[in-house]
Amino acid sequence: MNRTSEDRVEALLRQMTVEEKIGQLSLIQSDEGRISNDLRQRIRGGRIGGVLNETDPEVAREIQRIAREESRLGIPLLIGRDVIHGFRTVFPIPLGQAASWDLDLVERCARASGREAAASGVNWTFSPMLDIGRDPRWGRIAETFGEDPWLIGEMGAAMIRGFQGDDLSSPEALATSAKHFVGYGASEGGRDYAATFIPETELRNVHLPPFERAVEAGTPTVMPSFSDLNGIPATGNEWLLTDVLREEWGFDGLVVSDWNAVQELSVHGLTDGDREAARVASGAGIDMEMASQTFAEHLRSILDSGELPLSRLDAMVRAILRVKQRLGLLADTSPEALPPAPEPDLDLAREAAAACTVLLKNHDSILPLAPEALNSIAVIGPLADDPYEQLGTWIFDGDPALSQTPLSAIREEVGDAVRVEYERGLETSRSESRERFEAAMVLARGADVAVLVLGEESILSGEAHCRADIRLPGAQEALVRAVAETGTPVVLIVMAGRPLALQAVVPHVDALLFAWHPGTMAGPGLSDVVFGRVAPSARLPVTFPRVSGQVPLYYAHRNTGRPPTPESVVSIDEIEPRAAQTSVGNTSFYLDAGDSPLFPFGFGLTYSDFAYENVRVSTESLRTGDSLTVSVDLANQGPVEAVETVQLYVRDVVGSITRPVRELKAFQRVLLASGETTTVSFDLTTDDLSFVDRHNQRVTEPGAFHVWVGGDATADQMATFRVEDGS
Ligand code: GLC
């Protein structure tokens, strides 16, 4: 921040009493659409620094007016909200947006969401969520950008650019909050809020990088996770919040606790009561307390007793004032009226829904459907025509009245030329009743194609909504089999907030589209893909297991000393009774699920076919500081123009700590016409090959490296090179 801004903050800080300073540290729940007398008094008395969950523009404007005109120092409030993947217009859930592998799209969706929220008076969003999503049992995987730290970091930076724009003081900009710092995605057993045990090298090589990327991208706030991190919950973890975040990374914004997380330090068992929780959290690096009021109630006595130095209080308030200054809230001139609410960007929502939908199976190229070749379509399933359920989790402000569903969009697309009939089949995604199966089968028998829209209701993912069995819920698997038994071709569209274990249904369908929760324009976006207006280009940002028991299952795993081989992976059905203990090859796999996922990270089909040839490197020997170019020849050998997401993976074959068998280092989305070929090149530096070693030093070690370029994490086009010793 420039000198003038810093001076303004310092000048204000010097005027503040201790009570006013403590007041800035409280972020409290709003009265949601009204201003209670208590809230009014607290604002007048300078006893809160912000509210969350106020989205009535008139109330927001009045709150800010009271703060500016009726409090002694006139410091406006932060007004925070979870603007996660939309506001009134809802875009695909973040896990779905990650499937687009389109950073520009993610930025545009954030920009549109932020503009809608800013018009309601919101000036701070609790996004991006940068947790590593490697356990689909965890309900919050829906909010992640998937399993790969580098891709998550790039997606998070794009979302920050979208929400904040080029000028954070713009009335349409929202301050972002990188959350949940750190390791929340490793919650034991995929159970939300469960403990995490993560060695420091794993923290530094996997969980911390997306947050460091967010700090580089200019996020002004960070939110620690609820979770217990190696015995010290993040909210009270000084190593994390001060040593790493502030001293190593130089972060100078504010750290806001998650909801009640300060008070919950005593539930964790780190502290004994609110006063100790306030002391530990404020001392560790929390600046602003969300919801619970331990700072408001105890910080004065903690300061008076000398348990917390006044300099730390000043640092906390300075961080908050800095964010307000960057938002333009401390400017002398009172704010213009709130920006006008933009028209819902339904075109963008439609584009995003299509771009995030992954084509996982397309037997005999049944897709795209050609209306002119069809007389009738049977649409079946509880999620085919539900304006709310297609929106997904964390959509407090989503407006289902804006939603256009798959059923309505299919009808719109084919018009009167094709008969489209609908049978819900199941009341909800969790229903076990099969009483409407016969009606669904009758419909399917009379149709040229059956389009099933199944999956998870939105409430089955998101915070505190974890599942131990991640198959299609209820009797949906049985519904797929029943419709398939009619012999009518089946196109299955799945809406869900997590990867599902779909091994039981894939054989029974001709085509499979995974749409996550696609948001407001789920219908038109999916219809564009189903009827070929848009060739699917999405790729999986997360590994799909065959069965729940394989989890956690991710591509960037360690090799182990006994990796599976084609010979050693034996099916449970192949083992002779009383076989010798060493009858299988003593390698790492499951007798009843093998050693591979159902669909790998990076996987996705399109309506064309791409071929990779001749992966090559510009040099086979690098010295530190050098770079090399990796190139591949790519051909669109299929019938239509399409986008291929070309992915580059690297393996550091030998390291001073073992390295993953592959790591995504770059990707390019390449549009090729049918028959077109091109050469795709990537530049890699020795820094790109670095990792944090056992001494917590970032190093690029000499030795052999493998590099693959292809369409997913199983790419087999490989080249090799070395980093020379002593270089
Ligand atoms: C929630 C979530 C956090 C959210 C906050 C405010 O419990 O953990 O992601 O931003 O509270 O709603």
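The values are calculated or read from the model by the stated rules, or taken from the named source; none is laboratory data. Keep in mind that what you see is a predicted model, and the values were worked out from it rather than measured. Neighbour counts run over all protein chains shown; Cβ positions are idealised from the backbone, glycine included. Accessible surface areas use protein heavy atoms only, side chains included; no ligands, DNA or RNA. Shrake-Rupley method; radii C 1.70, N 1.55, O 1.52, S 1.80 Å.
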Original post:
Where does helix 346-355 land angle-wise versus the long Cα axis of the chain, in degrees 0 to 90, nearest 10?
Top reply: 50
**OP:** Could you pull out the trypsin sites (Lys or Arg not before Pro) across the stretch 42-105 that fall in loop regions by DSSP (anything but H, G, I, E, B) with no more than 14 other Cβ atoms inside 10 Å?
**Re:** ARG72
Original post:
Which net charge results when you count Lys and Arg as +1 and Asp and Glu as -1 among the other residues whose beta-carbon is under 14 Å from that of ARG318?
Top reply: +1
Subject >> Cα gyration tensor, the stretch 178-296 - rounded (a/c under 1.5), prolate or oblate >> reply: oblate
Original post:
To the nearest 10 Å², what's VAL491's accessible area with a 1.4 Å probe?
Top reply: 0
Original post:
In square angstrom, rounded to the nearest 10, how much accessible surface does MET316 have for a 1.4 Å probe?
Top reply: 0
**OP:** Under 11 Å from the Cβ of LEU383, count the other residues' Cβ atoms, weight Lys and Arg +1, Asp and Glu -1, and hand me the total.
**Re:** -4
Original post:
Roughly how big is the chain's charge dipole about its Cα centre, with Cβ charges of +1 (Lys, Arg) and -1 (Asp, Glu), in debye to the nearest 20?
Top reply: 940
Subject >> Charge sum, other residues only, whose C-beta stays under 10 Å from GLU32's C-beta, Lys/Arg counted +1 and Asp/Glu -1 >> reply: -2
Original post:
Under a straight-distance cross-link criterion of Cα-Cα below 26 Å, which lysines are reachable from LYS21, leaving out those fewer than 8 residues away in the same chain?
Top reply: LYS179, LYS324
**OP:** Let me know the shape class of the stretch 587-688, please: from the alpha-carbon gyration tensor, a ≥ b ≥ c as square roots of the eigenvalues, rounded when a/c is under 1.5, otherwise prolate if a/b is greater than b/c, or oblate.
**Re:** oblate
Original post:
Cα axis of helix 149-164 to longest principal axis of the chain: angle in degrees, 0 to 90, nearest 10?
Top reply: 60
**OP:** List the trypsin sites (Lys or Arg not before Pro) within the stretch 153-244 that fall in a DSSP loop (any state other than H, G, I, E or B) and whose Cβ has at most 16 other Cβ atoms within 10 Å.
**Re:** ARG191
Original post:
If you average 1/r over every pair of different alpha-carbon atoms in the stretch 14-137 and take one over that average, what Kirkwood value in Å do you get?
Top reply: 16.0
